[in-house]
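The values are calculated or read from the model by the stated rules, or taken from the named source; none is laboratory data. Just so it is clear, the structure is predicted and the values come from calculations on it, not from any experiment. Please note: Cβ atoms are built from the backbone with ideal geometry, for glycine as well, and neighbour counts cover all protein chains shown.
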Amino acid sequence: MLESIRQSISEYPLLYIFILAALALCVFLWAVAMRAARRRRVEKDALIAALDYEKALRAQFKTVTRQMLADTHPERLVEGVCCSIQMDLESQPDMQAAYDALPEPRRLVYALGYVIQDGRGALSGFFRKNGQPLTAAALEAVQRLVGGECAAVFGSEYDAFDEANEAVSLVRGDIAAADARWEALSRAAGEGLYAGAKGYILENSQFFVV
C-alpha cells in the first residue's frame, strides 16, 4: 500500500503538491471562518447585553424620586438620569429644540451620561460616536463634575477630535495613551469618580425628579 502511494507520488508529483496545497488552503479558510464566527458571536452577545442593560435602565428610571437619587450608585445614577432625560427628549416633537431648551443641570448630566455609556470601552469611543453640541457639553460636564486630571485628559481628546481646532491634530498614539490614562484614573478613583456628579444631582434634584 505504502509502496503504491510512493510510486503514485513519484509519477504525479505536481498533482500531489496541488492536493496538499488545496488541503492547506481549506484548513486556513476554515480557521478564518471560525475566527470570524467567534467574533460575530462576541459582537452579538455584547450588543444583546447592551440592549438589556439599557432596557433595565429605562425601566428603573422611568419614574425618578429623590430617594432614588440618594440611594443609587453614582455612576449608575448619572447613566440613569441621562436615560430619563433621553426618554423625555424622545417624547418631544422636535428633539433638537427640546435639547437646546434643557436647563443647565439636565444638559450637563445628560452629556456626562453619554461619556460613561459611549466611553466605557475607551474614552475615544465617546468622541467617535458623538459630535457637537454634545461633546462641548460633555467637556464642560467633566470639567465641573469630575475635575482633576480626568478633565485634562478629556480635554486633550476633545481637542484632538475637534475638527474646528486646526492647532491640534489627531495622532493615533496620543489617543491610545489618553485612553489608557483615562482608564487608569477611572480604576484608581473607583466609586468616587462620579461622586461629585451625584452631589450635583442631589443639589439640583428639582430638575431630575419626574
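At-a-glance table
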read-out: Contacts under 6 angstrom Cβ, first residue in the range 118-130 being in the same structural domain as ASP179 (by TED's automatic domain parsing) and surrounded by 18 or more Cβ atoms within 10 Å (Cβ to Cβ), partner part of a loop (DSSP other than H, G, I, E, B) and of a type in the set (Gly, Ala, Ser), 6 or more apart; value: PHE126/GLY119
read-out: Scope the range 189-201; condition modelled with pLDDT of 95 or more and loosely packed, with under 13 Cβ neighbours inside 10 Å; matching residues; value: GLY199
read-out: Conditions (1) farther than 25 Å from ALA189 by Cβ; (2) within 18 Å of the chain's Cα centre (by Cα): number failed by ALA98; value: (2)
read-out: Among residues of the range 96-122, those that are over 13 Å from GLN86 (Cβ atoms) and not in a helix (DSSP H, G or I), counted; value: 6
read-out: Residue in the range 134-154 that is more than 15 Å from the chain's Cα centre (by Cα) and not in a helix (DSSP H, G or I) present; value: yes
